[in-house]
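These notes concern the structure reproduced below.
The values are calculated or read from the model by the stated rules, or taken from the named source; none is laboratory data. For clarity, every value in this text was computed on a predicted model and none was experimentally measured. Ideal geometry is used to build each Cβ from the backbone, glycine not excepted, and the neighbour counts take in all protein chains shown.
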Amino acid sequence: MTLLTEAELQPAAAAECLALAHLLEDLPSSSWDAQSLCANWRIREVVAHLTMPARYPTPRFILELLKARGNFTRMSDRCARRDATLPSESFVAALRGQTMHTWKPPGGGYQGALTHMVIHSLDVMVPLGIHRQFADERIRTVLDGLTEQRSLRYFKVDVADIELRADDLDWTFGSGETLTGSAADLALALSGRTLPAGRLHGEPARRFTAT
């Protein structure tokens, strides 16, 4: 099974930035106001959050974090809601810029950057009914990262008794009751998202599916 090499991770993350920019540039305003897979965030808030690294120099980021008393979740929510009022063109431009293409989350490296881009792109695409097939080596690399214990703890996802099996890719993880779905949908489940009904299959699907 092919995974991305360290040298391939940054170009892959940059390519995902460009792919999302291409998708968003012709999106009607009504779609920007649609609910995303992120609880309480529309598409606007998701993209505002995603493009923060391109719009917030380090001193401003630190200031915003201090205002939130060090709580990154609180800070990102406040900033996303505020910045969602910016023109959509500014977000598309940010996704096309070099800053986003070379950004990596602290401690996450370029694999973290790729995962961040893929998951938030899916947060946008799935509610809008947009499908795009991710390159096998990219989504496999994302899945392998999301099944690391550090990631499972971060997203508070328990898959101890589940065998995850992609139906569009040669990829499995774990043992127990089988949960099947596309590689992208399994990635969303591993990142704590609640998916629309019918996208995942097997008894464990009810844990990750909207009722």
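Within the bounds of the range 126-133, is there any residue that is more than 16 Å from residue 36 (Cβ to Cβ), surrounded by 18 or more Cβ atoms within 10 Å (Cβ to Cβ) and modelled with pLDDT of 95 or more?
Within the range 126-133, none of the residues are more than 16 Å from residue 36 (Cβ to Cβ), surrounded by 18 or more Cβ atoms within 10 Å (Cβ to Cβ) and modelled with pLDDT of 95 or more.
Considering only residues that are farther than 19 Å from residue 135 by Cα and of a type in the set (Phe, Trp, Tyr), which ones fall in the range 153-172?
154, 155
Return yes when residue 132 is in contact with a helix residue (DSSP H, G or I) (Cβ under 8 Å, 6 or more places away or on another chain) and more than 19 Å from residue 18 (Cα to Cα) and no when it is not.
On the way: in contact with a helix residue (DSSP H, G or I) (Cβ under 8 Å, 6 or more places away or on another chain): yes; more than 19 Å from residue 18 (Cα to Cα): no.
Answer is no for this residue.
Taking only the range 34-66 into account, find how many residues are β-branched (Val, Ile, Thr), out of contact with any Phe, Trp or Tyr (no Cβ under 6 Å at 6 or more places or on another chain) and at pLDDT 95 or above. Talk me through it step by step, then tell me what you get.
So the first thing to find is which residues in the range 34-66 are β-branched (Val, Ile, Thr), and the list is 43, 46-47, 51, 58, 62.
Remaining after also requiring out of contact with any Phe, Trp or Tyr (no Cβ under 6 Å at 6 or more places or on another chain): 46, 58, 62.
After this cut, where a residue has to be at pLDDT 95 or above as well, the list is 46.
The qualifying residues number 1.
Only one of 94, 48, 80 is buried (at least 18 other Cβ atoms within 10 Å of the Cβ), farther than 24 Å from residue 208 by Cα and touching a His at 6+ places or on another chain (Cβ under 7 Å). Can you tell me which? Give the derivation first.
Details: 94 fails: touching a His at 6+ places or on another chain (Cβ under 7 Å); 48 fails: touching a His at 6+ places or on another chain (Cβ under 7 Å).
Residue meeting the stated conditions: 80.
Against the conditions (1) crowded, with 18+ Cβ neighbours inside 10 Å; (2) within 24 Å of residue 30 (Cβ to Cβ); (3) out of contact with any Asp or Glu (no Cβ under 7 Å at 6 or more places or on another chain), where does residue 100 fall short? Just the number, please.
(2)
Which ones in the range 11-40 are buried (at least 21 other Cβ atoms within 10 Å of the Cβ) and either touching a Pro at 6+ places or on another chain (Cβ under 7 Å) or free of Cβ contacts under 8 Å to residues at least 40 places away in the same chain (or both)?
Across the range 11-40, the qualifying residues are 36, 37.
Return the residues of the range 22-53 that are among the small types (Gly, Ala, Ser) and touching a Cys at 6+ places or on another chain (Cβ under 8 Å); say none if nothing qualifies. Spell out the reasoning first.
In the first step, residues of the range 22-53 are kept if they are among the small types (Gly, Ala, Ser); the result is 29-31, 34, 36, 39, 48.
Hit for the range 22-53 is 48, nothing else.
Consider only pairs whose beta carbons are under 7 Å apart and that are at least six residues apart or on different chains; among these, list those whose first residue lies in the range 98-111 and is free of Cβ contacts under 8 Å to residues at least 40 places away in the same chain and of a type in the set (A, V, I, L, M) and whose second residue is in a loop (DSSP other than H, G, I, E, B) and surrounded by fewer than 21 Cβ atoms within 10 Å (Cβ to Cβ).
none
Does residue 210 satisfy the criteria of being at pLDDT 95 or above and either within 22 Å of residue 145 (Cα to Cα) or surrounded by fewer than 16 Cβ atoms within 10 Å (Cβ to Cβ) (or both)? Full working, then the answer.
Numbers: at pLDDT 95 or above: no; either within 22 Å of residue 145 (Cα to Cα) or surrounded by fewer than 16 Cβ atoms within 10 Å (Cβ to Cβ) (or both): yes.
Spelling it out, it is not the case that residue 210 is at pLDDT 95 or above and either within 22 Å of residue 145 (Cα to Cα) or surrounded by fewer than 16 Cβ atoms within 10 Å (Cβ to Cβ) (or both).
Residue under question is residue 3, and the condition is that it be surrounded by fewer than 19 Cβ atoms within 10 Å (Cβ to Cβ) and assigned to a loop (DSSP other than H, G, I, E, B); does it hold? Walk me through it before giving the result.
Working: surrounded by fewer than 19 Cβ atoms within 10 Å (Cβ to Cβ): yes; assigned to a loop (DSSP other than H, G, I, E, B): yes.
When the stated conditions are applied, residue 3 passes them.
Taking the options 64, 89, name whichever one is touching a helix residue (DSSP H, G or I) at 6+ places or on another chain (Cβ under 7 Å), among the charged types (D, E, K, R), part of a helix (DSSP H, G or I) and farther than 16 Å from residue 118 by Cα. Steps first, answer last, please.
Values: 89 fails: touching a helix residue (DSSP H, G or I) at 6+ places or on another chain (Cβ under 7 Å).
The match here is 64.
Condition check: of a type in the set (D, E, K, R), crowded, with 20+ Cβ neighbours inside 10 Å and part of a helix (DSSP H, G or I). Does residue 8 satisfy that? Lay out the reasoning, then the answer.
Values: of a type in the set (D, E, K, R): yes; crowded, with 20+ Cβ neighbours inside 10 Å: no; part of a helix (DSSP H, G or I): yes.
No.
Of (1) assigned to a helix (DSSP H, G or I); (2) of a type in the set (D, E, K, R); (3) in contact (Cβ under 8 Å) with a residue 40 or more places away in the chain; (4) surrounded by fewer than 21 Cβ atoms within 10 Å (Cβ to Cβ), residue 170 satisfies all except one. Which?
(1)
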